[in-house]
Amino acid sequence: MATYQYRCAGCGTFDVIRPIGRALAEEPCGSCAGPARRVFTAPLLARTSTHLARALHAQEASAHEPRVVTDVPAARRRPTPPADPRQAGLPKP
C-alpha cells in the first residue's frame, strides 16, 4: 500500500492510502466532497538502522552458511570488589 497526497482548494492537503499504481488524478475531499488534485511528493523511504541491518544480515547468512562453533567462548569476568567496603562508594576509574 502507498500513501498518496491530494490538495483540496478549500480544505488543504490530505492523504489517501491505495495499492501502488492505483492513485487517481482526482479524489473527492473527505471534508467538503469537492474535487482534489493529486500532489506529487517524494516517496516515503525508510532506512534501516545499522544494528537492525547487521542483525538481519546475520540472520539471512545463517540460513545458508551457519557459523560452526569450535570452542567455548571465554567467560566474562566480573570486577573484583574492593577489599575495603568503604571504597565501594567511590567513583570508578
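Restricting Ala75, Ala23, Ala88 to those that are small (Gly, Ala, Ser), in a loop (DSSP other than H, G, I, E, B) and surrounded by fewer than 10 Cβ atoms within 10 Å (Cβ to Cβ) reduces the list to Ala75. Contact map, region 12-27: first residue under 16 Å from Met1 (Cα atoms), second residue open to solvent by 60 Å² or more (accessible area, probe 1.4 Å) and of a type in the set (Val, Ile, Thr), Cβ cut-off under 9 Å, separation 6 or more or different chains; pairs are Asp15/Thr3; Val16/Thr3; Ile17/Thr3; Arg18/Thr3.
Looking only at residues of region 28-43 that are at pLDDT 85 or above, open to solvent by 90 Å² or more (accessible area, probe 1.4 Å) and not polar (S, T, N, Q), we find that the one that is nearest to Tyr4 (Cα to Cα) is Phe40. Every listed requirement among (1) surrounded by fewer than 10 Cβ atoms within 10 Å (Cβ to Cβ); (2) over 30 Å from Phe14 (Cα atoms) is met by Ala46 save one, (2). When Thr13 is tested against (1) among the hydroxyl-bearing types (Ser, Thr, Tyr); (2) over 21 Å from the mean Cα position of the chain (by Cα); (3) open to solvent by less than 70 Å² (accessible area, probe 1.4 Å), exactly one condition is not met: (3).
Residues are listed down the side, and each one gets a yes or a no for (1) over 30 Å from the mean Cα position of the chain (by Cα); (2) under 30 Å from Pro66 (Cα atoms):
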site: Met1; (1), (2): no, no
site: Ser31; (1), (2): yes, no
site: Pro35; (1), (2): yes, no
site: Val39; (1), (2): no, no
site: Thr50; (1), (2): no, yes
site: Ala55; (1), (2): no, yes
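The values are calculated or read from the model by the stated rules, or taken from the named source; none is laboratory data. The structure displayed is predicted, hence computed values, not measured ones. Note: ideal-geometry Cβ built from the backbone for every residue, glycine included; neighbour counts use all protein chains shown. Just so you know, the surface numbers come from the protein's heavy atoms only, side chains and all, with ligands and any DNA or RNA stripped out. Shrake-Rupley method; radii C 1.70, N 1.55, O 1.52, S 1.80 Å.
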